[in-house]
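Report on one structure; see the data block that follows.
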């Protein structure tokens, strides 16, 4: 399974997902001198394998040089991933000792979206993988309902 990097381009290019969401960006504006240099190096090779290896090598170099990470965010992301998104923000608060507000602020800086949204993405990925592996959607409905059912909708619809 491919690694999931919810921090997006932030640790590599210093660009938060929230800064690039719902927009089209010119590669030269995002990648600047680095992108031009890598494009020239890639053009010198004729085969795909070496081209891919070169780009990967340059990205790892950039990550090492610019890597902006936060141990709290990394821990929370790993915990959310391990729980397939079934960990509440309240539980993250309890386990880290940090407030919801502080965690949300850190996530906005380092991930680009709040922990609750990331948890929803991890829950979706879990079901998508199972469905893509061949499990019929109908058999997923009870679990989907449990993971995505919003209690507030139920209370509003029941008149409470």
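Might you check whether a residue that is part of a loop (DSSP other than H, G, I, E, B), without any contact (Cβ under 8 Å) to a residue 40 or more places away in the chain and over 24 Å from residue 144 (Cβ atoms) occurs anywhere in the stretch 77-97? Before the answer, list the steps.
Filtering the stretch 77-97 down to residues part of a loop (DSSP other than H, G, I, E, B) leaves 83-88, 97.
This time we only want the ones that are without any contact (Cβ under 8 Å) to a residue 40 or more places away in the chain, so: 83, 87-88, 97.
Next, only the ones that are over 24 Å from residue 144 (Cβ atoms) stay: 97.
Checked against the condition, which is being part of a loop (DSSP other than H, G, I, E, B), without any contact (Cβ under 8 Å) to a residue 40 or more places away in the chain and over 24 Å from residue 144 (Cβ atoms), the stretch 77-97 yields at least one hit.
Looking at 130, 60, which one is out of contact with any strand residue (DSSP E or B) (no Cβ under 8 Å at 6 or more places or on another chain), in a helix (DSSP H, G or I) and either under 30 Å from residue 31 (Cα atoms) or assigned by TED's automatic domain parsing to the domain that holds residue 35 (or both)?
Details: 130 fails: either under 30 Å from residue 31 (Cα atoms) or assigned by TED's automatic domain parsing to the domain that holds residue 35 (or both).
Selected residue: 60, the only one of 130, 60 that is out of contact with any strand residue (DSSP E or B) (no Cβ under 8 Å at 6 or more places or on another chain), in a helix (DSSP H, G or I) and either under 30 Å from residue 31 (Cα atoms) or assigned by TED's automatic domain parsing to the domain that holds residue 35 (or both).
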Looking at the stretch 133-160, which of its residues are modelled with pLDDT of 80 or more and either assigned to a loop (DSSP other than H, G, I, E, B) or within 25 Å of residue 75 (Cα to Cα) (or both)? 133, 134, 135, 136
Looking at the stretch 101-122, can you tell me whether even one residue there is in a loop (DSSP other than H, G, I, E, B), at pLDDT 90 or above, within 20 Å of residue 69 (Cβ to Cβ) and out of contact with any helix residue (DSSP H, G or I) (no Cβ under 7 Å at 6 or more places or on another chain)? no
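The values are calculated or read from the model by the stated rules, or taken from the named source; none is laboratory data. Just so it is clear, the model here is predicted, and its values are computed rather than measured. Note that we place each Cβ from the backbone using ideal geometry, even for glycine, and neighbour counts take in every protein chain shown.
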